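The values are calculated or read from the model by the stated rules, or taken from the named source; none is laboratory data. These figures come from a predicted structure and were not determined experimentally. Glycine gets a Cβ as well: all are built from the backbone with ideal geometry, and neighbour counts include every protein chain shown. In case anyone asks, the SASA skips ligands and DNA or RNA and just uses the protein heavy atoms, side chains included. Shrake-Rupley method; radii C 1.70, N 1.55, O 1.52, S 1.80 Å.
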Amino acid sequence: MTGRLNGKTAVITGAARGIGRAQAVRFAEEGADIIAIDVCGPIDSVRVPPSAPQDLAETARLVEEAGGRIVTEIVDVRNPDELHDVVDRGATEFDGIDIVCATAGTRHVVPRSNFPRRRGAPCSTSI
């Protein structure tokens with residue numbers, strides 16, 4: 001890799017799997033230190049299977065395999081105090097923060113038929 005992120009520190013939420021994990025691994029390949037955060041558990045309003053602590057551990061393994069340093073923490077980003085604490089700890093360990101990827105989240109697909117169409121309202125085909 002090019003080392004474009006040598007000496008940089010990235011905070012990545014939703015890092016246990018998916019896009020967050022891919023960001024963590026790629027940034028590590030480019031030389032960044034990683035602060036990886038994920039809730040690793042169910043959220044009442046979300047129906048997709050939740051990430052688990054072993055998913056975050058796998059992200060850590062992959063980052064280290066790519067030559068990166070990583071701090072992981074199970075935190076719900078909806079709790080600002082916990083989020084602030086983990087970011088502070090990581091920033092202290094890695095001498096600051098340079099990149100933030102707010103990747104935590106999920107999507108919920110609902111059939112278009114569940115939304116009533118109002119008379120005269122435009123209808124989008126992108127839903």
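Descriptive notes on the structure:
- Counting only protein heavy atoms and a probe of 1.4 Å, the accessible surface of region 6-108 is 50% carbon and sulfur.
- Each label point was placed 7 Å from the Cα along the Cα-to-Cβ direction; for Asp95 and Asp76 their separation is 3.6 nm.
- Taken one residue at a time, the phi angles of region 22-29 give Karplus couplings (6.51, -1.76, 1.60, θ = phi - 60°) of 4, 4, 4, 5, 5, 4, 5, 4 Hz. Gly and Pro are set to x.
- When Glu30, Glu64, Glu73 are compared by accessible area at a 1.4 angstrom probe, the order from most to least is Glu64, Glu73, Glu30.
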